[in-house]
1. At a 10 Å Cβ-Cβ cut-off, how would you order B:Ile101, A:Ile110, C:Ile121, fewest neighbours first?
2. Can you sort A:Thr78, B:Thr34 so the residue with the fewest Cβ neighbours within 10 Å comes first?
3. Just to confirm my numbers, what's the Cα centroid distance between the stretch C:227-256 and the stretch C:1-61 in Å?
4. Suppose only helical runs count, i.e. DSSP H with n ≥ 4. What mean residue ellipticity at 222 nm does that imply for chain C under -39500 (n - 2.57) per run, divided by all residues and rounded to the nearest 500 deg cm²/dmol?
5. Quick one: 3J(HN,Hα) in Hz for the stretch B:110-117, Karplus 6.51/-1.76/1.60 with θ = phi - 60°, rounded, Gly and Pro as x.
6. Just tell me, in residue order, which DSSP H segments of chain C are both 18 angstrom or longer along the helix axis (alpha-carbon based) and at least -1.0 in mean Kyte-Doolittle hydropathy.
7. Going by a ≥ b ≥ c, the root eigenvalues of the Cα gyration tensor, does chain C fall in the rounded group (a/c under 1.5), the prolate group (a/b larger than b/c) or the oblate group?
8. Considering chain A as a Gaussian network with a 10 Å cut-off on Cα pairs, which listed residue, A:Gly175, A:Gly285, A:Gly232, attains the greatest mean-square fluctuation?
Amino acid sequence: MGTSAEQYEGGRFRIADLPFRLLGKLGAGDDGAMQERLFRLTLLLAAIVVVGVVAATLVTLLIGSSASLKAFGFSFLTGTTWDPVSGVFGSLPFLVGTLVSSLLALLICIPFSLAISLFLGELFRQGPASTILKSAVELLAGIPSVIYGFWALLALVPIVRQLQIWLGVPPYGVGLFTASLILAVMIVPYSASIGREVIALTPAELKEAAYSLGATRFDVVRRVVLPYARSGITAGILLAWGRALGETMAVTMVIGNANVLPSGLFSPSNTMASVIANEFTEATGSLYLSSLIEIGLLLFLVTAVVNVIGKFFIRRWQTT
Amino acid sequence: MENPVLRVEDFSASFGQHRILSEVNLEIERERVTAIMGPSGCGKTTLIRCINRMHELTAGASVGGRVYLNGEDIYRMNSMLLRRRIGMVFQRPNPFPTMCIQDNVLAGYQLNGIRLNRDEKRSIVEKSLRRAALWDEVKDDLPRRGVFLSGGQQQRLCIARALAMNPEIAQAARVSDFTAFLYLGELVEFGPSKKMFTTPKDQRTEEYLTGRFG
Amino acid sequence: MRERSIHLRNLQNQAFVVCVVLLSVLSIIPLAFILYQILHNGIASLNWEFLVSLPRPVGEEGGGIANAIVGTGLLIFLASLLAIPMGIAAGVYFSENSGSRLSYWGELSVEILQAVPSIVIGIIAYEWVVKPLHSFSAFSGGVALAIMMLPVIARTTQETLKLIPYSLKEAALALGVPYWRTLLKVVLPSALSGILTGILLGIARIAGETAPLLFTAFGNPFMNWNVARPIESLPLLIFNYATSPYPQWHTIAWGASLVLVILVLGLNLITRIVTARWKIQF
């Protein structure tokens, strides 16, 4: 079948070591123009779907909340009454609950995540201690939210109750403070991993320059590392905050689910996410449902903005 | 020149506003090794990239003029079919990391969906590797991935990959400001002496020198 | 004066190091507690019977979580079916057309999608699937989880493709291989480990999700294989049993937690192995 003689093929000169049938296929094989077009179209469609999902999410939330937007307008944000029975919906208690619980969680989280970032990124970059800590932080990030909630319910709530008895406040156990505690545990891995990355990438020359001037480790961290990594650390904190704002299950299980403005740090409350989780399936009446969707819309917008700003800080850190 | 394998007429190429080749005219003789020399950045690589139409894949690239392969205008041919007829070896070796050595040689067939039987495979692999002067070094490692090969061996693997397609022209771009058009009949002769690829002696390459661009 | 200052600075430095170590150790104490309690309480209820039988009503001894295990598997399967091809294709588009307007908006969309709270995704899947079909269903849960998985896969695919040298694509194109075959047979196989990592991370992300399932998959105390009907899942079961007042149900929730943690952490472990082992050298 094969031939190794010199051949003329269609006026073209070839030294043919190839069997005829292969020469023919190579020369005239189909170029798959049809598949090519189909393939490119598939890629294009997938890209459009990704953009479309976000756009459609926004549109769906807007349409879903139109009834509530029309009925309450701006007062939806300032109203303190959430009363499904009389059909009056104001979301201020949840906005406050979300803001207080997430900011408190952030406050608790920052020293710990900064410590982990410095531990892994500056003080002990190698060795068994850092491997253990690093794996532990990754494990923390992997545990599902509902399990955090379950654990908080059975382990954290009794502790907080003891604390409340000792402080002489009503011993609910559940409430804003408990929710903030569990939230803090959950968001530590996010800010710690970003913090570690930026701290580890501080140029050695900068640090050496400082050491050569007689600086201690503490001085170097305070005067060189932290200023250098500042926008990266900020980004980590912002992204962790974004997580805390939208976190649902663990918070829902321990916040106490009270639809009133929180009166203190320990009072039972509700966040935007937890009120949706609690009431969405029970929402009777279109205005009730629409109000819950409007809370979802607010949550969507807030987390999107916080995240885009966070990513902006990361990019700024990357370019400096 | 009588019946050149390749004829380039008034050929220009640019990236956006930046013109790289202008009004190039040359003919490449059949069954000969032709070298194109010039300082780095003068457009040698661009010229050979234009000849198998790789240049146009870069965004903002454009060309003018004509290139004839055996009398056919290559810019009127289907680019995919043209590239199968012109073998190309790049400056840096780029074997496929996911494929074993044998599949690397046969990549031009397998990726184009052409089925080969066992005899065809064996004969193409052996012939191509022999021509690229790599057979003796790898004949026992054909089913292994090529990551363990040295840079030079990887480059010869890429040459074998190009030769396996039985191209009408094989082009190789080399660092050390030296670019060669190689007609495949001659490569057998020059293949083993890596000298020609890596350290061309002035006198010898002078004979093949056909033009300067810049 | 000078001596004292150096002494002070050293002291300050030591205090700083001690502080960092102390806070770091403190922050993993919750993890140790959680893992200990899950293991301690979970193993007690974990046995073969527990894995293959259905839940029983309150008061009856025994009962298991077979319906939730099947449900979680089915939901992950449905979500993967929708999200994996779409995510890979979108990731390929973004990396192949980087700089185009669609890619810009696409990348922004991926970022936003990754940040959308899961409860909001629940609302979306409710509005898109549950409402038109007038029923909670496994399918709607799959859609919700797919929306969560999509950005993870698109992102990792895009990031992996960025690392693949252009020369590889060039090598295939120069052999006259059409663009689509080049991508499918040369570029994507080289990116396999990265894409697989993305898929596993995506599955690990959705396996433990509860919020988007509350009003989509909804939960179901019976065994169900029908995608058009409500379905149980491990996280949903944990949520319902954990918030119930019955200690016996808490035991079941601990057992389910152990199974879920093993699943999620196992996925993370496999991800690490895949990333390390299957890496392609260029």
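Every read-out reported here was derived from the displayed coordinates using simple, explicitly stated rules and does not represent laboratory data. Just so we're clear, the structure is a prediction, and the values are computed from it rather than from any experiment. Cβ: placed from backbone, ideal geometry, glycine included. Neighbour counts: every protein chain shown.
1. Working: B:Ile101 24, A:Ile110 19, C:Ile121 27.
Listing B:Ile101, A:Ile110, C:Ile121 from fewest to most nearby Cβ atoms yields A:Ile110, B:Ile101, C:Ile121.
2. Details: A:Thr78 11, B:Thr34 22.
By the 10 Å Cβ count, ascending, the order reads A:Thr78, B:Thr34.
3. Cα centroid of the stretch C:227-256 versus Cα centroid of the stretch C:1-61: 25 Å apart.
4. Numbers: 11 runs with 192 residues, N = 282.
Theoretical 222 nm ellipticity from helices: -23000 deg cm²/dmol.
5. 5, 6, 8, x, 9, 7, 10, 8
6. Long hydrophobic helices here: C:2-27, C:29-45, C:66-96, C:101-115, C:138-162, C:192-207, C:247-277.
7. Values: a/c = 2.06, a/b = 1.08, b/c = 1.91.
Here chain C falls in the oblate category.
8. Evaluated over chain A, the most mobile residue of the options is A:Gly285.
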